[in-house]
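The values are calculated or read from the model by the stated rules, or taken from the named source; none is laboratory data. Worth saying up front: this structure is predicted, and the values here are computed from it rather than measured. Note that each Cβ is placed from the backbone with ideal geometry, even for glycine, and that neighbours are counted across all protein chains shown.
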Amino acid sequence: MKKKKIAYVSGTRADFGLMTPVLKAVRASDKLELKLYATGMHLMPEFGETINHIRKEFPEVVPVQAVFEKDNRESAAKFTGDFLNKLALEFNENKPDFVLILGDRVEMLCVAVACLYLGIPTGHLHGGEKTSTVDEIARHAIIKLASIHFPATDESAKRIEKMGEEEWRIHVVGAPALDIILNEELPTKEELYRKLKLKQEDKFILVTQHPVSEEVENAANQMEETISAVKKTGLPVVAIYSNSDAGGREMIAVIEKEKNNPLFHIFPSLEYKTFLASEREAVVWVGNSSGACIESSSFKVPVVNIGTRQQGRQRGQNVIDVGYDRNEIFDAIKKSLEDEEYKKFLSGVKNPWGDGKTGLRIAKILESVNLELKLLGKKITY
């Protein structure tokens, strides 16, 4: 029997890490054939040229040559035109049977649009989540463009259904990140500390903060507030570069001011398992990463979530929300480090995002799904 060609396009280190269990499950199926592409940040040397991370596990990955040229919203808009054109040519030539999409980034929105007009059915992971900012708008637009939905939680599934999507299209599968956390071996503390160039006795703060499109003019100042707060603790800091969205390079410039500070260990990117181990070993995670809402409660690590980027998103009970003020951030870090009652509370926190079987669930659905016109012929339910 002919295998179904399942394609996925990765645009960042984050989405690739999250999707790895799904990609492996697709590749392992005797009914499916994986077609993997990389674009955007993966191809940019200043962000670590992370296509090389992908090649370690998936040497067959194909680059789609589109990048973000500048650090502004115009560049993101121009990227959509360039990437859409090149992706349409690629998909029209190689004709995948089905395409997977994750989350809310501009690359994913472009994939959904291209597939809609090429008549290729799509499946969307992590739909139905609230995040605020332009990301939420893109996420919900992808929901309306997608053929099948793979939400992580029941709460997200209900939101998708309220958007007029037919119930048979919606499959609650959990968050794929938990497949790795619960089932795979991560670097040991000793291995991690060698990679991060930390002393074994060090307790460190993990910082991952990204720009918010609607607040791009404040990006540098927001990072300055965060850096000031973590410096006040006197602890070592592991800081990962911001992403390539408008304002990202300004935030990176602020981080790089600390490159001669012996307490700062700065990385453009980390391989996903190394990053998960960093989450596990950090005494507190500071920033506005989606992973802090989704993954961190599995490690029972305290999180200080800054600003509006994850506003309204479902999360574990280990997350403290704060604004962009350095004093407010520092107070939340101090609570995470010193409040014994809070630390006792954290020991009982549970992760609401799944059970570690997401990749297999999605592969089974893809094996059985009927690739007929019914998938593409969507009608709103009200």
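Restricted to the stretch 160-178, and to residues there that are assigned to a helix (DSSP H, G or I) and touching a helix residue (DSSP H, G or I) at 6+ places or on another chain (Cβ under 9 Å), the residue that is surrounded by the most Cβ atoms within 10 Å (Cβ to Cβ) is Ala177.
The helices (runs of 4 or more DSSP H) found wholly in the stretch 273-346 and carrying at least 1 residues that are closer than 21 Å to Val212 by Cβ occupy 290-294, 326-338. Any residue in the stretch 347-362 that is surrounded by 17 or more Cβ atoms within 10 Å (Cβ to Cβ) and either free of Cβ contacts under 8 Å to residues at least 24 places away in the same chain or closer than 19 Å to Leu206 by Cα (or both)? No.
Conditions (1) over 19 Å from Ala141 (Cβ atoms); (2) touching a residue at least 12 places away in the same chain (Cβ under 8 Å); (3) crowded, with 21+ Cβ neighbours inside 10 Å, marked per residue:
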position: Gly40; (1), (2), (3): no, yes, yes
position: Pro45; (1), (2), (3): yes, no, no
position: Lys70; (1), (2), (3): yes, no, no
position: Phe83; (1), (2), (3): no, yes, yes
position: Lys86; (1), (2), (3): yes, yes, no
position: Asn92; (1), (2), (3): yes, yes, no
position: Phe98; (1), (2), (3): yes, yes, yes
position: Leu102; (1), (2), (3): no, yes, yes
position: Arg105; (1), (2), (3): no, yes, yes
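In this structure, Gln222 does not satisfy being of a type outside the set (Lys, Arg) and assigned to a loop (DSSP other than H, G, I, E, B). Among the residues making up the stretch 234-285, those that are aliphatic (A, V, I, L, M), under 20 Å from Arg315 (Cβ atoms) and under 16 Å from the mean Cα position of the chain (by Cα) are Ile240, Leu276. If you check Thr122, Thr153, Thr131, Thr188 for being under 15 Å from the mean Cα position of the chain (by Cα) and of a type in the set (S, T, N, Q), only one passes: Thr131.
Has the stretch 226-236 got at least one residue that is in the same structural domain as Lys197 (by TED's automatic domain parsing), more than 23 Å from Lys343 (Cβ to Cβ) and not charged (D, E, K, R)? Taking every residue of the stretch 226-236 in turn, at least one turns out to be in the same structural domain as Lys197 (by TED's automatic domain parsing), more than 23 Å from Lys343 (Cβ to Cβ) and not charged (D, E, K, R). Each residue in the stretch 112-132 was checked for being part of a helix (DSSP H, G or I) and buried (at least 19 other Cβ atoms within 10 Å of the Cβ), and 3 of them qualify.
For residues that are among the β-branched types (Val, Ile, Thr) and in contact with a Pro (Cβ under 9 Å, 6 or more places away or on another chain), scanning just the stretch 252-293, find the one that is nearest to Lys197 (Cα to Cα). That would be Thr274.
Of all residues in the stretch 179-236, those satisfying the criterion of being β-branched (Val, Ile, Thr) and crowded, with 17+ Cβ neighbours inside 10 Å are Ile180, Ile181, Ile205, Val207, Thr208, Val212, Val216, Thr226, Ile227, Val230, Thr233. The condition of being modelled with pLDDT of 95 or more and of a type in the set (D, E, K, R) holds for Lys31.
Against the criterion of being within 29 Å of Glu215 (Cα to Cα) and surrounded by 19 or more Cβ atoms within 10 Å (Cβ to Cβ), Leu109 qualifies.
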